[in-house]
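The values are calculated or read from the model by the stated rules, or taken from the named source; none is laboratory data. Keep in mind it's a predicted model, so treat the numbers as computed, not measured. Glycine also receives a Cβ, built like all others from the backbone with ideal geometry; neighbour counts cover every protein chain displayed.
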Amino acid sequence: MITEQDKKQLSEKGISEETLLRQLSQFESGFPFLKLKGAATVGNGILRPSDEEQKHYLKTWEGYVTDAGHRVVKFVPASGAASRMFKDLFAFVDADYDEPRTAFEKCFFENLGNAPYYEALDDACNVFHGKGISELISEGDYKSVVSALLSEEGLNYGHLPKGLLQFHKYEDGVRTPAEEHLVEGALYAKAADGKVNVHFTVSPEHRELFETLVEEKSGELSSQFGADFDVSFSEQKSNTDTVAVNADNTPFRNVDGSLLFRPGGHGALIANLGDIVADVIFIKNIDNVVPDRLKPETVYNKKLIGGILVALQKKCFEYLQCLELGDYSDEKLQEMLSFLETRFCCHSEDVLRGEALVEYLKKKLNRPMRVCGMVKNVGEPGGGPFLAYNSDGTVSPQILESSQIDMSDPEKKAMFEKGTHFNPVDLVCAVRNFKGEPFHLPDYVDPQTGFISHKSKDGKELKALELPGLWNGAMSDWLTVFVEVPLITFNPVKTVNDLYRPEHQ
């Protein structure tokens, strides 16, 4: 039952009663598994451009990004805390032994001299323990070193977002992921006038820290890379929070009787993405950055997928203009259908003719578009590229998580296990229609692609609702192209020890 207090709380968050009831219903019904046609592979859902095609697409992108009529933005989800990076170190601090025992702990200390934050940590140790790292370790006081790294009294790395941590060391200093994303933007998203638009989604408690960092560093980076940075920030909207429930699916209430709402996951950022004023938007995770010596390959492939996007968009717009004006023949309609099927792997099992085909093409071609880089599967966690059935019976490329696949079905499990590629979250999007109007992105979300997770609050178990993921269900009804990109473009930092990998040195 919704109380007057609940109604006031909903109003303050901008959430309707209908939305609340729908979310509660989803806990009862759960989410259906998606019907698969198969894993996407090269030649069957994944594009591998030839050398000549790559040259063409690179030239296409260079022409597009330097055209004064186009606005390009780099969108970086950066609100996640780095606490999971240090999970093993938190465990070490709480352990009943004082010296490193596990392989992870030994690796951390053996390579600590190569850490990009070594000097800052050494200073923190001297300030808060009166001794440097070397002296503390020589005395067997390993835990003081870790506490200086993680605690609020030290570097506070256990509570800061990844975007603000020191990731890469250079001769003239160190850079955070936020700075590395500015540099990337200067290398592939710079307009003719030198303008580089970068947008970070951040948590409210860290926004000021991000703004301060950008203010301090952007001037130096502007001079170094000949760029004029226009950096903006947004926070996840409170009206995208989702209600939590008890084990019996009744609303979970706080001690004061109020409903417990939780952030709805990165899928909530589709609202932030929709607020961006741009023609083309690049999306990439905050921790997937490399030092300058390895950036050329990343930049090359960003330009490549950008060129593929705008080339396909141009053709889509030409076809949509013809459909709008009624300027087409049966032969032209079949050409459009072939384009949709071969370029976007979007198929209907129905045989369409005449006006039914015209309406189908208008609907399928006039949608937001994304080109997604896919890397070969080497066992890294993450979603994968599949060809899946949609609610209207058509088949299209989708990025799916394992939770969306019925693993109890041997056939579906085999499809998942035979996947050759996975999603590194490396995509470029076109978010305006052929008339130049922005798409209303929530219209293209599949609400049946969320999932339910199990959490706890104040020692009590609860169930949480995750919205359709940003590059999963939140983009389910987009025109989608998968492109094979090299593994070197995927270098995430999931644990602190990943910073010791050669790719981050």
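Remarks
- Considering residues of the range 144-157 that are in contact with a Leu (Cβ under 6 Å, 6 or more places away or on another chain) and part of a loop (DSSP other than H, G, I, E, B) only, the residue surrounded by the most Cβ atoms within 10 Å (Cβ to Cβ): Tyr157
- Within the range 219-257, the only residue that satisfies the criterion of being buried (at least 20 other Cβ atoms within 10 Å of the Cβ), aromatic (Phe, Trp, Tyr) and at pLDDT 95 or above is Phe229.
- Leu10 passes every criterion in (1) within 27 Å of the chain's Cα centre (by Cα); (2) surrounded by 12 or more Cβ atoms within 10 Å (Cβ to Cβ); (3) at pLDDT 90 or above apart from (1).
- Criterion: farther than 30 Å from Glu437 by Cα, outside any helix (DSSP H, G or I) and in contact with a helix residue (DSSP H, G or I) (Cβ under 9 Å, 6 or more places away or on another chain) - qualifying residue of Asp98, Asp88, Asp122: Asp98
One line per residue, one yes/no per condition, for (1) under 25 Å from Ile286 (Cα atoms); (2) under 27 Å from the mean Cα position of the chain (by Cα):
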site	(1), (2)
Gly30	no, yes
Gly45	no, yes
Trp61	yes, yes
Asp96	no, no
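- Residues within the range 347-389 that are assigned to a helix (DSSP H, G or I), surrounded by fewer than 16 Cβ atoms within 10 Å (Cβ to Cβ) and without any contact (Cβ under 8 Å) to a residue 24 or more places away in the chain, tallied: 5
The rows are residues; the columns are (1) closer than 25 Å to Phe210 by Cα; (2) assigned to a loop (DSSP other than H, G, I, E, B); (3) without any contact (Cβ under 8 Å) to a residue 40 or more places away in the chain; (4) aromatic (Phe, Trp, Tyr).
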site	(1), (2), (3), (4)
Phe75	yes, no, no, yes
Ser79	yes, yes, no, no
Phe92	no, no, no, yes
Phe109	no, no, yes, yes
Lys131	no, yes, yes, no
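- Selected residue (only one of Gly63, Gly38, Gly69 is assigned to a strand (DSSP E or B) and assigned by TED's automatic domain parsing to the domain that holds Asn249): Gly38
- Of the set (1) within 19 Å of the chain's Cα centre (by Cα); (2) under 30 Å from Asn366 (Cα atoms); (3) not in a helix (DSSP H, G or I), all apply to Lys494 but (2).
A quick yes/no check of all residues on (1) crowded, with 18+ Cβ neighbours inside 10 Å; (2) modelled with pLDDT of 95 or more; (3) not in a helix (DSSP H, G or I):
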position	(1), (2), (3)
Phe434	no, yes, yes
Asp443	no, yes, no
Ile452	no, no, yes
Lys455	no, no, yes
Ala464	yes, no, yes
Gly469	yes, no, yes
Asp477	yes, yes, yes
Thr480	yes, yes, yes
Val483	yes, yes, yes
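- Candidate set from the range 407-428 (those that are in a helix (DSSP H, G or I) and touching a strand residue (DSSP E or B) at 6+ places or on another chain (Cβ under 8 Å)); member that is nearest to Pro32 (Cα to Cα): Lys412
- Restricting attention to the range 269-326, the residues being surrounded by fewer than 18 Cβ atoms within 10 Å (Cβ to Cβ) and of a type in the set (Ser, Thr, Tyr) number 1.
- Listed conditions (1) assigned to a helix (DSSP H, G or I); (2) within 30 Å of Leu165 (Cα to Cα) are all met by Phe339, apart from (2).
- Check on Arg84, modelled with pLDDT of 95 or more and exposed (fewer than 15 other Cβ atoms within 10 Å of the Cβ): no
- Leu221 more than 20 Å from Asp67 (Cβ to Cβ), in contact with a Pro (Cβ under 7 Å, 6 or more places away or on another chain), in a helix (DSSP H, G or I) and in the same structural domain as Lys435 (by TED's automatic domain parsing): no
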